[in-house]
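Report on one structure; see the data block that follows.
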Amino acid sequence: MGSTSSMLTQYDIEEVQDHCDHAFSQQEIVSLYHRFCQLDRNGGGFVSADEFMTVPEFAVNPLCQRLLRMLDGLNFKEFVAFLSAFSPRASLQQKIEFIFRVYDTDCNGKVAFDDILSILRDLTGSFMTEQQRQKVLIHVLEEAGYTKDSHFTLPDFMKILDNSDMKMEVEVPID
Amino acid sequence: MASSSVAGDIELDRPNLEDYLPSDSLPQESPRNLHLRDLLDISPVLTEAAGAIVDDSFTRCFKSNSPEPWNWNIYLFPLWCLGVVIRYGILFPLRGLTLLVGWLAFFAAFFPVHFLFKGQKLRSKIERKLVEMMCSVFVASWTGVIKYHGPRPSTRPHQVFVANHTSMIDFIILEQMTAFAVIMQKHPGWVGFIQKTILESVGCIWFNRNDLKDREVVAKKLRDHVQHPDSNPLLIFPEGTCVNNQYTVMFKKGAFELGCAVCPIAIKYNKIFVDAFWNSKKQSFTMHLVRLMTSWAVVCDVWYLEPQYLRDGETAIEFAERVRDMIAARAGLKKVPWDGYLKHNRPSPKHTEEKQRIFADSVLRRLEES
């Protein structure tokens, strides 16, 4: 009883640590592995979108559909790599890179007006009209010296988000 | 709050979830105007999502606790082996035999009484005693060491008992003291057979939790049952699902709007020999019983708490929360803001919409100011 879930050897843990740039300690990796096995209900070695959606706190998140596209079918190594941006040990640059990846849905290294608008749509739902969203977005873009046709690259994101006091950290519970 | 306008019983069943949900993602009230940076920075929402992936209170409610690993050493090992031999080789067959004899005696008495006796009153009295007897046999079959605290429930109308729910054995443990009429989910297999044939005679009511029509019928049956002077006391597990006895999920409000006294019962299992949580998704009830029957004992405390009445100006949901507080405090359970039915269904979009509304409001307000 209970012995099946802790089959990670030191080598496995180190391999996973290398894969996520040592964002998590060995104990944290073990905890994450328990959690991963818990989420992976049918024991297939990967967590499907449906399995992620069984967590109600995740399912009510306005961005959950978007995140699911990044999360669906991750194996344990990829799962840890995904979460590594939320480690207190990850640099601000890594965190901003992660945010950029959420915006950049077609993965072409550029974020256009429509990408930002579509995130804003997820975040505000039916509580803002499409015109209001566009108006807001154009307003803040122009105020920051950009236009509707600007394309943002990762360095742009770095510049914009760099001095913000972002706190994007998740604590891994260790029992 | 927007919740008052929502139609439908399921929605109204819940207290305001927003009061409990983590509010990290709500934009901080700041005097600044809206800048591009504020719109692009979606880190609070992402952090919340990642936090839920790493750990969440809902999953914790239904986590079976694996037994604490103890120190293996050469002196204890023979003792442990001896324990296994005794538990599986001696105790288990003995308990199986007890159960078998119990069942035979029960059926031998029950069916003649059920079909031959004409006197309504006497018949139900005997049946009640028989069901109580059978439940004691069950408790004996896992050497139930159960301490009952507080006054025993009496049979009288206008009262309903509510208890926290860990396993179907809750019902057996309570039933051996008092013949409750219980409201329960319909089960398949032999449990369903017993539900239909025997337990109906003590006035138990069965329903399917996913069937809305069933729920309406049950609500009506409940009201009738409570008013009837001869009926057995009513027992409801308002969580609607088994929780692992360390947490408590939201109470359904049905039991709290019958307009009668609500008597809370707190049940706390001691996990020293076996975890009494029935994880119905992973284990059949039969296997659950076998697990209990091969352990040394099931140790448990039951508290009958002070009856509660609806206060002036209190809604059924507030009342339910107050009773949940009492049970949680007595049994040492942590409260979580989740509806236990989420084990079977997705959360309603209402909760997502509430987050969206708050975000949209703050964007619009800050835009006006700039």
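For residue B:135, the criteria (1) open to solvent by less than 60 Å² (accessible area, probe 1.4 Å); (2) out of contact with any Asp or Glu (no Cβ under 6 Å at 6 or more places or on another chain) hold in every case but one, which is (2).
Filtered by the rule that a residue be surrounded by 15 or more Cβ atoms within 10 Å (Cβ to Cβ) and not in a helix (DSSP H, G or I), segment A:90-109 gives A:90, A:104, A:105.
Only one of these is in contact (Cβ under 8 Å) with a residue 12 or more places away in the chain and open to solvent by less than 10 Å² (accessible area, probe 1.4 Å): A:55, A:60. Name it.
Of the residues listed, the single one that is in contact (Cβ under 8 Å) with a residue 12 or more places away in the chain and open to solvent by less than 10 Å² (accessible area, probe 1.4 Å) is A:55.
Examine segment B:289-297 for a residue that is touching a strand residue (DSSP E or B) at 6+ places or on another chain (Cβ under 7 Å) and in a helix (DSSP H, G or I), and state whether such a residue exists. Yes; the residues of segment B:289-297 include at least one that is touching a strand residue (DSSP E or B) at 6+ places or on another chain (Cβ under 7 Å) and in a helix (DSSP H, G or I). Taking segment B:41-98 as the region of interest, the helices (runs of 4 or more DSSP H) fully inside it that hold 2 or more residues being away from every other protein chain (no Cβ under 14 Å) and either at pLDDT below 90 or under 30 Å from residue B:139 (Cα atoms) (or both) are B:76-84.
Taken over segment B:169-197, the criterion of being modelled with pLDDT under 90, within 15 Å of residue B:138 (Cα to Cα) and among the aliphatic types (A, V, I, L, M) is satisfied by B:179, B:191, B:194. The residue that is surrounded by the fewest Cβ atoms within 10 Å (Cβ to Cβ), counting only those in segment B:317-334 that are under 19 Å from residue B:254 (Cβ atoms) and of a type in the set (D, E, K, R), is B:325.
Taking the stated definitions as given, is residue B:259 modelled with pLDDT under 90, buried (at least 19 other Cβ atoms within 10 Å of the Cβ) and over 18 Å from the mean Cα position of the chain (by Cα)? Answer is no for this residue.
Residue-by-condition table, conditions (1) touching a strand residue (DSSP E or B) at 6+ places or on another chain (Cβ under 7 Å); (2) facing chain B (nearest Cβ under 10 Å); (3) modelled with pLDDT under 95; (4) part of a helix (DSSP H, G or I):
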residue: A:24; (1), (2), (3), (4): no, no, yes, no
residue: A:31; (1), (2), (3), (4): no, yes, yes, yes
residue: A:41; (1), (2), (3), (4): no, yes, yes, no
residue: A:51; (1), (2), (3), (4): no, no, yes, yes
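Which of the residues that make up segment B:238-255 are touching a strand residue (DSSP E or B) at 6+ places or on another chain (Cβ under 6 Å) and under 20 Å from residue B:319 (Cβ atoms)?
B:238, B:248, B:255
None of B:224, B:230, B:214 is open to solvent by 40 Å² or more (accessible area, probe 1.4 Å) and not in a loop (DSSP other than H, G, I, E, B) except B:224.
Annotation: residue B:328 fulfils all but one of (1) in contact with a Lys or Arg (Cβ under 6 Å, 6 or more places away or on another chain); (2) at pLDDT below 90; the unmet one is (2).
Listed here are the residues, each with its yes/no results for (1) among the hydroxyl-bearing types (Ser, Thr, Tyr); (2) open to solvent by 10 Å² or more (accessible area, probe 1.4 Å).
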| position | (1), (2) |
| --- | --- |
| B:254 | no, yes |
| B:283 | no, yes |
| B:288 | no, no |
| B:315 | yes, yes |
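Listed conditions (1) within 11 Å of another protein chain (Cβ to nearest Cβ); (2) open to solvent by 40 Å² or more (accessible area, probe 1.4 Å); (3) not acidic (Asp, Glu) are all met by residue A:148, apart from (1). Scoring residue A:7 on the criteria (1) crowded, with 20+ Cβ neighbours inside 10 Å; (2) under 26 Å from residue B:62 (Cβ atoms) leaves a single failure, condition (1).
All told, residue A:124 falls short of being farther than 17 Å from residue B:366 by Cβ and either at the interface with chain B (Cβ under 8 Å from one of its Cβ atoms) or surrounded by fewer than 17 Cβ atoms within 10 Å (Cβ to Cβ) (or both). In segment B:335-366, how many residues are touching a residue at least 12 places away in the same chain (Cβ under 8 Å), open to solvent by 30 Å² or more (accessible area, probe 1.4 Å) and among the aliphatic types (A, V, I, L, M)? Number satisfying all stated conditions: 1.
The values are calculated or read from the model by the stated rules, or taken from the named source; none is laboratory data. Everything numeric in this text was worked out from a predicted model, so none of it was measured. Every residue, glycine as well, gets a Cβ built from its backbone with ideal geometry; the counts of neighbours run over all protein chains shown. For accessibility, only protein heavy atoms count, side chains too; no ligands or nucleic acids. Shrake-Rupley method; radii C 1.70, N 1.55, O 1.52, S 1.80 Å.
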